[in-house]
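Below: one structure, written as structure tokens.
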Amino acid sequence: MSEEFLCVRCSRVQLTCCQSCEIHPTAGDTERIAEHTGLTDFTEYRYPDDPVYLQHDDDPVWLAHVFRPDMTRRVLKRKENGDCMFLGNAGCVLPLEVRPLVCRIYPFQYNHTGLTGGLSDGCPTQLLQIGQTLLEALDMNQTDAERWHKQLYEEIVSGDPG
């Protein structure tokens, strides 16, 4: 019997990142998503609901390029129940290379200098199999995360604010 994907198990015990995180898509992300889905009205500019999104003392590039002067920033719209509008019954409906870069990088922690070596504590590691790492369970690797991080900051710096 095959083990269920960690994100499926996570959704049974807590709100997932797709339900609790405020996702900032870059201008490049919005172009990729629009091209793939045919949608254009899937983002909005909003002040963070959670003040943690304003705490980027270690990342002046993020603060300077993601937030507009009124401290709003572009985020994916949410369904009435709070879920990301691209969250379906089986997870994200967007292919991996179309998803917002911040979603692809999660749960790696990072700032403008690179991946910081830590992982977010949002994933329920108590659901991992004995001896399994979080990255193994998510089928992620650092090489992809580093590539996506580089792309994220290139798009943040070259894109429009917010």
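The values are calculated or read from the model by the stated rules, or taken from the named source; none is laboratory data. Computed from a predicted model, the values in this text were never measured in an experiment. Note that we place each Cβ from the backbone using ideal geometry, even for glycine, and neighbour counts take in every protein chain shown.
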Original post:
Checking Leu76 against (1) under 16 Å from Gln19 (Cα atoms); (2) modelled with pLDDT under 90; (3) of a type in the set (A, V, I, L, M), which test does it fail?
Top reply: (2)
Original post:
Failed condition for Thr113, given (1) of a type in the set (Ser, Thr, Tyr); (2) modelled with pLDDT of 90 or more; (3) surrounded by 13 or more Cβ atoms within 10 Å (Cβ to Cβ), with all others met?
Top reply: (3)
Original post:
Of all residues in the stretch 26-57 being among the charged types (D, E, K, R) and in contact with a Lys or Arg (Cβ under 9 Å, 6 or more places away or on another chain), which is surrounded by the fewest Cβ atoms within 10 Å (Cβ to Cβ)?
Top reply: Asp41
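Of the residues Phe67, Phe86, which single one is closer than 16 Å to Leu152 by Cα and out of contact with any His (no Cβ under 6 Å at 6 or more places or on another chain)?
Phe67
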**OP:** Give me the pairs, please: first residue somewhere in the stretch 49-65 and of a type in the set (Ser, Thr, Tyr), second residue anywhere and in a loop (DSSP other than H, G, I, E, B), beta-carbon distance under 6 Å, and either six or more positions apart or on two chains.
**Re:** Tyr53/Glu22
Subject >> Condition check for Gly131: modelled with pLDDT under 80 and in contact with a helix residue (DSSP H, G or I) (Cβ under 8 Å, 6 or more places away or on another chain) >> reply: no
**OP:** Would you mind telling me which numbered condition in (1) surrounded by fewer than 16 Cβ atoms within 10 Å (Cβ to Cβ); (2) within 15 Å of the chain's Cα centre (by Cα); (3) at pLDDT 75 or above; (4) not polar (S, T, N, Q) Gly122 fails?
**Re:** (3)
Original post:
Looking at Thr16, is it among the β-branched types (Val, Ile, Thr) and at pLDDT 85 or above?
Top reply: no
Original post:
Mind checking which residues of the stretch 48-62 are of a type in the set (A, V, I, L, M) and either at pLDDT 90 or above or in contact with a helix residue (DSSP H, G or I) (Cβ under 7 Å, 6 or more places away or on another chain) (or both)?
Top reply: Val61
